[in-house]
Amino acid sequence: MPVRDAPAAESVDVLIVGAGFAGIGMGIQLARRGRESFVIIEQAHDVGGTWRDNRYPGVSCDIPSHLYSFSFRQNPGWSRVFAEGREIQEYLRACVREEGLLDHLRLNCTLSHAQWSDDDGRWLVRTTQGEFWAASLVIATGRLTEPKIPLIKNLDGFGGRWWHSARWNAKVSLVGKRVGLVGTGASAIQILPRLAGEASEIVVFQRSAPYILPRGDREYSREEIERFAADPRTVTALRDELFAEAERGIGARQRRHPDIDLLRRRALDHLAASVGDAGLRRLLTPGYEIGCKRILFSDDYYAALQLGHVRQESSPLIRIADSSGASAGHGNRTAIAASGNAYELDVLVLATGFNVARPHIAGHIRGRRDRLLADEWSTGMVAHASTTVHGFPNMYVLDGPNAALGHNSAIYMIETQVGYVLRALDHLAASGADALDVTAEAVQSYMRDIDAMAQDTVWVQGGCTSWYRDERTGRVTLLWPDSATSFRDRLATFVPGQYEHLSRGGH
Ligand SMILES: Cc1cc2nc3c(=O)[nH]c(=O)nc-3n(C[C@H](O)[C@H](O)[C@H](O)COP(=O)(O)OP(=O)(O)OC[C@H]3O[C@@H](n4cnc5c(N)ncnc54)[C@H](O)[C@@H]3O)c2cc1C
């Protein structure tokens, strides 16, 4: 489709969409290479992505902070082993300020439409703050950004207040309230211990029990922080140690023995040591193989569950009672679980995760022959090198298809992809072509490798449903189903033969 002329549009070499870890990491590397012509657009009022949006009590990373941060911007000052969300966001703000990204950043600027133009060999990007022509487009819009609201019948008829964990309503005090916490995933287990200190009654709605390992969180002492600051090699050494330890976790995910048996044992021992009551322990014992769903880390979740005012409901919340009989205009506060148990509640907190398989952004990007990215991904996300999509020239997706991990730091994966994009940009500049379009064969071959790698892993064989797999096909489309190191090896070389080289006019 011919793209309408947009003379007023600003021209840039690279347009990055999203200012979370991925967009900021990409921006830093461009700036450090002296590339001036790029912008980062961010739909929100501030940077930080995940760490700006998730403000629930107790929010923190579950990969240690010294590993959950850029290798090229280490931070000796982390206050604890697992930093809270605010500290992580502050780290990202400092990255933006100190790496000279402020002039490149457009806040409150949402991508509304991106269209590839064969004639121009560029992307025309429409945003809420005007138009851009961009030679290359980097999609860094995250994968845990769109809250998933489960099907709860008559939720709108709930007479109390409800919100999703990633949209925390800090204006409502929970002191003395009866609260329903829906879900037992990574966010819920961080929320419960804090919530327990405020609410008068809590019901935890559990659809399936998670495996939980001890976390070992603590503050770093002043001496430790001073030592890290005085000698950056100590931070690098700690980081390497944390990485190697996390990386060993891939053996269990690949169902290797004794790795998986030892890991399962550790989690079940933690449960046994934490929960004395055999009945409750049974309800908290997962019915699938360890690692199939994300393994969680907590030192205080089981203790909070056993407090006198906390109840465990071992079935999902499925409906709110209809309003007949409730006081006029106030709706109903009766929340009913699949078991039939009913609870009177004032507030519902939905810690129910995110929509991951069908990213919203894909409905706003049109590539060659006017093809919508959402159509290209209609049976699940696919990409070559987890980064490039056939028919979408000069477009790079960070932290998207098959780029997440279940056992190590997302930041390592993001840095790996940023490296790949830089190599692609260098190759494009050297090649004299205007655009690179990955071939369909390269994508198919990469996806065949992913399927083969995933086949025997716990994510496919572990007997659970998880967000790592696309529900339409059962394929593992979110995760890189192997070690973080193998991802880096795989993306270490940019292979020009896997790309069609295009000139303006689409040839
Ligand atoms: C509570 C929580 C805890 C986590 N803990 C860990 C952990 O311990 N370890 C780990 O490895 N991973 C963790 N993750 C995963 C985490 O999402 C990633 O580690 C990482 O933060 C993702 O960064 P990102 O830049 O890819 O995405 P995001 O941080 O989601 O940033 C994407 C940005 O794109 C913006 N955007 C989206 N659409 C548009 C648009 N159309 N126009 C303009 N801007 C747009 C968004 O506003 C957002 O700012 C956690 C996730 C959550 C939710």
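The values are calculated or read from the model by the stated rules, or taken from the named source; none is laboratory data. Please read all numbers here as calculations on a predicted model, not as lab measurements. So basically every Cβ, Gly included, is an ideal-geometry build from the backbone, and we count neighbours across all protein chains shown.
Note on the range 109-127: residues that are within 9 Å of the ligand (Cβ to nearest atom) and either surrounded by 14 or more Cβ atoms within 10 Å (Cβ to Cβ) or not in a strand (DSSP E or B) (or both) total 4. Restrict the check to the range 211-222 and report whether at least one residue is free of Cβ contacts under 8 Å to residues at least 24 places away in the same chain and either hydroxyl-bearing (Ser, Thr, Tyr) or farther than 30 Å from residue 333 by Cα (or both). Checked against the condition, which is being free of Cβ contacts under 8 Å to residues at least 24 places away in the same chain and either hydroxyl-bearing (Ser, Thr, Tyr) or farther than 30 Å from residue 333 by Cα (or both), the range 211-222 yields at least one hit.
For first residues located in the range 86-113 and aliphatic (A, V, I, L, M), partners that are not in a helix (DSSP H, G or I) and lie 6+ apart or on another chain with Cβ distances below 6 Å form the pairs 92/47; 92/48; 96/47; 105/40; 107/42; 107/45; 111/17; 111/127.
Taken over the range 187-217, the criterion of being closer than 26 Å to residue 340 by Cα and of a type in the set (A, V, I, L, M, F, W, C) is satisfied by 188, 189, 191, 192, 195, 196, 199, 202, 203, 204, 205, 209. The set of residues in the range 134-172 that are aromatic (Phe, Trp, Tyr) and within 13 Å of residue 182 (Cβ to Cβ) comprises 158, 162, 163. The set of residues from the range 412-423 being near the ligand (Cβ under 10 Å from one of its atoms) and under 16 Å from residue 240 (Cβ atoms) comprises just one member, 412. Contact map, the range 375-391: residues that are closer than 17 Å to residue 137 by Cα paired with residues that are surrounded by fewer than 24 Cβ atoms within 10 Å (Cβ to Cβ) and of a type in the set (Lys, Arg), Cβ distance under 8 Å, separation 6+ or inter-chain. Pairs shown: 385/490; 391/368; 391/369; 391/371.
Of everything in the range 172-199 that is within 14 Å of the ligand (Cβ to nearest atom) and surrounded by fewer than 24 Cβ atoms within 10 Å (Cβ to Cβ), the residue that is farthest from the chain's Cα centre (by Cα) is 194. Does the range 68-80 include one or more residues that are within 9 Å of the ligand (Cβ to nearest atom) and buried (at least 21 other Cβ atoms within 10 Å of the Cβ)? Within the range 68-80, one or more residues are within 9 Å of the ligand (Cβ to nearest atom) and buried (at least 21 other Cβ atoms within 10 Å of the Cβ). Flag: residue 140 matches the condition of being within 23 Å of the chain's Cα centre (by Cα), within 12 Å of the ligand (Cβ to nearest atom) and in the same structural domain as residue 63 (by the TED database). Selection of the range 175-187 for residues being in contact with a strand residue (DSSP E or B) (Cβ under 6 Å, 6 or more places away or on another chain) and either of a type in the set (A, V, I, L, M) or outside the structural domain of residue 283 (by the TED database) (or both) yields 179, 181, 182, 186. Select from the range 366-398 the residues that are β-branched (Val, Ile, Thr) and farther than 19 Å from residue 502 by Cα and write down the one among them that is nearest to the chain's Cα centre (by Cα). Among those residues, the one meeting the criterion is 397. In this entry, residue 288 is excluded by the filter for residues that are touching a residue at least 40 places away in the same chain (Cβ under 8 Å) and within 29 Å of residue 79 (Cα to Cα).
Of the residues in the range 153-164, at least one is within 13 Å of the ligand (Cβ to nearest atom), farther than 28 Å from residue 391 by Cβ and outside any loop (DSSP other than H, G, I, E, B). Screening the candidates 58, 25 for the property of being of a type outside the set (Phe, Trp, Tyr), more than 9 Å from the ligand (Cβ to nearest atom) and out of contact with any strand residue (DSSP E or B) (no Cβ under 6 Å at 6 or more places or on another chain) yields one hit, 58. If you take the residues in the range 386-411 that are within 24 Å of residue 454 (Cα to Cα) and more than 16 Å from the ligand (Cβ to nearest atom), which one is surrounded by the fewest Cβ atoms within 10 Å (Cβ to Cβ)? Among them, the one singled out is 390. Residue count for the range 244-303 satisfying the condition of being in contact with an Asp or Glu (Cβ under 6 Å, 6 or more places away or on another chain), more than 22 Å from residue 475 (Cβ to Cβ) and either in the same structural domain as residue 62 (by the TED database) or in a helix (DSSP H, G or I) (or both): 1. The requirement of being more than 30 Å from residue 183 (Cβ to Cβ) and more than 16 Å from the ligand (Cβ to nearest atom) is fulfilled nowhere in the range 335-351; no residue meets it. Screening residue 65 on (1) closer than 28 Å to residue 164 by Cβ; (2) outside any helix (DSSP H, G or I); (3) in contact (Cβ under 8 Å) with a residue 40 or more places away in the chain shows it passes everything except condition (3).
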